[in-house]
Amino acid sequence: MDNIEKISAEIEAFKVNAAADLENFRLKFLSKKSELQSLLGEIKNVPVEQRKLFGQQVNELKQKAQAIFEEQKQRLEDAAPVQGNLSDVTRPATAVSLGSRHPISIMMDEVCGIFEKIGFSTVAGPDIEDDWHIFTALNFPEEHPARDMQDTFFIDQKPDVALRTHTSTLQVRTMETHQPPIRVICPGRVFRNEAITSRAHCIFHQMEGLYIDENVSFADMKQTLMYFAKQMFGENTRIRLRPSYFPFTEPSAEMDVSCNICGGEGCALCKHTGWVEILGCGMVDPNVLENCGIDSKKYSGFAFGLGIERMTMLKYKTNDIRLYFENDVRFLEQFTAAKL
Ligand code: DAH
């Protein structure tokens, strides 16, 4: 009888803080080798008239231990973090993020769309090119300093092979395989060995345009580029052509558009001039036509090459070209939202 009271006190005083305590509790009071069980084994030593009472009390104690065990077990489970299959299967599923289109892709599609409306088709070509398509066919003489205008990445063991420095390579490829009339635009990635800054990158994108037919004039070029600028940046956009030099065009020009960010007032992007350069252009040099198998007496044409990143920065008012290559989702996501 004394033992019953002692064990009863022990059961009440037992502290269950963790799963290990619960197991100790079970071993001590509920298992086959528990103190309670051995107490029950003592029943034969109890005088007959007390046996019934003794048995009852041990059983009550057992029930009490069992109840405390269940209660503590439940308490531990409730406190434990839910994990694995225990999660609520009726909970609504987490939305899957669909990603978004890259602003450069959006811009390339937009430029292609504008030129497709006036009859240009889109063509593509290889990023890794030979000297002929990057330089020689485009009238860059051997050893001519104009080759230095483009800091080229050459392939080590093959001096004739390089990453293309401009998409003008596609003028050559198109004229080599097609006779006029030719109206193409050629978007693509280009590479230059340049230091990376907020305004320049060693990888960027260009879009070449080429129009060859009989009697194509500089005025046709100007009109086409004006149409493009207004479609892209709005009806009030103005353009300005400045004389320039490219080996593959004569005459050559660079085209500026009125700054889309400050409306011409002057800001950091336009370096306080009110104008931003977006492309080079000119009448295709007769040497280039002949190099590509086109009769320069019969045909003439114009070409232009525009920088996609520069245009994207202007259109979406962003001020650091590196953002386009870092693939920070927080940056990229904003463009889908603007588009949808
Ligand atoms: N290829 C020139 C560059 O990368 C851009 C260019 C200028 C392309 C004049 C042309 C052009 O077709 O006519 O800087």
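The values are calculated or read from the model by the stated rules, or taken from the named source; none is laboratory data. These numbers were taken from a predicted model, which means no experiment stands behind them. Using ideal geometry, Cβ is built from the backbone for each residue, glycine included, and neighbour counts are taken over all protein chains shown. The area values use the complete protein model at the heavy-atom level, side chains included, leaving out ligands, DNA and RNA. Shrake-Rupley method; radii C 1.70, N 1.55, O 1.52, S 1.80 Å.
General observations
- Taking the criterion of being open to solvent by less than 60 Å² (accessible area, probe 1.4 Å) and within 16 Å of the ligand (Cβ to nearest atom), the residues of segment 249-261 that qualify are T249, S252, A253, E254, M255, D256, V257.
- Of the residues making up segment 214-246, those that are within 26 Å of P286 (Cα to Cα) and part of a loop (DSSP other than H, G, I, E, B) number 4.
- Filtered by the rule that a residue be within 12 Å of the ligand (Cβ to nearest atom) and either more than 21 Å from D109 (Cβ to Cβ) or open to solvent by less than 20 Å² (accessible area, probe 1.4 Å) (or both), segment 195-211 gives M207, E208, G209, L210.
- Residues in segment 24-55 that are open to solvent by 40 Å² or more (accessible area, probe 1.4 Å) and among the hydroxyl-bearing types (S, T, Y): S38 only.
- From E265, E333, E326, residue being within 27 Å of R164 (Cα to Cα) and either under 19 Å from the mean Cα position of the chain (by Cα) or open to solvent by 30 Å² or more (accessible area, probe 1.4 Å) (or both): E326
- Test: D109 is assigned by TED's automatic domain parsing to the domain that holds R310, of a type in the set (D, E, K, R), farther than 27 Å from S244 by Cα and in contact with an Asp or Glu (Cβ under 6 Å, 6 or more places away or on another chain): no
- Residue in segment 229-239 that is within 12 Å of the ligand (Cβ to nearest atom), touching a residue at least 12 places away in the same chain (Cβ under 8 Å) and of a type in the set (D, E, K, R) present: no
- Only one entry in F246, F218 is within 11 Å of the ligand (Cβ to nearest atom) and either in the same structural domain as G119 (by TED's automatic domain parsing) or closer than 29 Å to T136 by Cα (or both), namely F246.
- Criterion applied to R173, R189 was being open to solvent by 40 Å² or more (accessible area, probe 1.4 Å), in contact with a strand residue (DSSP E or B) (Cβ under 7 Å, 6 or more places away or on another chain) and within 14 Å of the ligand (Cβ to nearest atom), and the one residue passing it is R189.
- Residues in segment 262-282 that are touching a His at 6+ places or on another chain (Cβ under 6 Å) and within 16 Å of the ligand (Cβ to nearest atom): none.
Per-residue answers, yes or no, for (1) in a helix (DSSP H, G or I); (2) modelled with pLDDT of 95 or more; (3) charged (D, E, K, R):
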{"site": "A146", "(1), (2), (3)": "yes, no, no"}
{"site": "T174", "(1), (2), (3)": "yes, yes, no"}
{"site": "V190", "(1), (2), (3)": "no, yes, no"}
{"site": "I196", "(1), (2), (3)": "no, no, no"}
{"site": "Q206", "(1), (2), (3)": "no, yes, no"}
{"site": "I212", "(1), (2), (3)": "no, yes, no"}
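- In segment 125-144 there is at least one residue that is within 15 Å of the ligand (Cβ to nearest atom), surrounded by fewer than 20 Cβ atoms within 10 Å (Cβ to Cβ) and assigned to a helix (DSSP H, G or I).
- Extreme residue, farthest from the ligand (Cβ to nearest atom), among residues of segment 283-312 that are open to solvent by 10 Å² or more (accessible area, probe 1.4 Å) and part of a helix (DSSP H, G or I): E290
- Test result for T318, under 25 Å from T165 (Cα atoms) and of a type in the set (V, I, T): yes
- With respect to the conditions (1) within 16 Å of the ligand (Cβ to nearest atom); (2) at pLDDT below 90, Y316 falls short on a single one, namely (1).
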